Structure formats: C-alpha cells, structure tokens
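Here the structure comes first, spelled out in structure tokens, and everything after it is commentary.
Here, each number is a calculation from the coordinates, and none is a lab measurement. This structure is a prediction, so every number in the text was calculated from the model and none was measured. Note that each Cβ is placed from the backbone with ideal geometry, even for glycine, and that neighbours are counted across all protein chains shown.
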Amino acid sequence: MNVSLTPELEQFVQSKVENGRYNSASEVVREALRLLEEHEKMRSTQLAEFNRELGRRLASLDRGENVAPATTRARLQRKSRNQRQRR
C-alpha cells in the first residue's frame, strides 16, 4: 500500500523518526492508525452512552415525568459556575 502525505505531514513523520522515537515512517503511521482506531472506538462508546441517556430521558418525558425549567436552569448554571471555578 502506498500513501501520499502532504509535505507538512511528511515532515512531521520524518521528525518523529529523526528524534529517535520511531525506527521508520511505517512505525509512525501504524501508531497514528492505532490511535485513530482507539479514538473512534471511544467516540462510538460515547455516542452509544449518549443515545442510551437520551432514550432514558425521552421515556421519562413519555411517562409524564418532568422537571420545572427554572430548577433545571439553576442546576445547569451551578454546574457551569463550578466547572469555571475549577479551571
């Protein structure tokens, strides 16, 4: 298999080989593909969890269970404020 890279990516790969972390361009590409595969699996898992949670929440609404908008808004604002303070 032959792969064409942009000059920038080719230089990036070459720099990884030159700094000694990898023995060849093939090793760099294999590692990049392994990381891409790992990323896609993680994203797929996150999407599946999101869809499960969405299904649970929609089912809750179908049963007539709901939360007052003001309560939800206040909870989200607290959560957002807490996250900003942690940074």
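Only one of (i) 14, 27, 19, 14, 13, 11, 3; (ii) 13, 21, 21, 17, 16, 11, 0; (iii) 18, 57, 25, 1 was calculated from the structure for P(r) over Cα pairs in 10 Å bins from 0, in percent, and its label is (ii).
Which order, highest average first, do 49-57, 21-29 follow once you tally other Cβ atoms within 10 Å for each residue and take the mean per peptide?
Packing proxy ranking, top to bottom: 21-29, 49-57.
Please name whichever of N23, Q46, S60 sits farthest to the positive end of the charge dipole of the stretch 7-86, dipole taken about the Cα centre and charges placed at Cβ: Lys and Arg +1, Asp and Glu -1. Among N23, Q46, S60, the one farthest towards the positive end of the dipole of the stretch 7-86 is S60.
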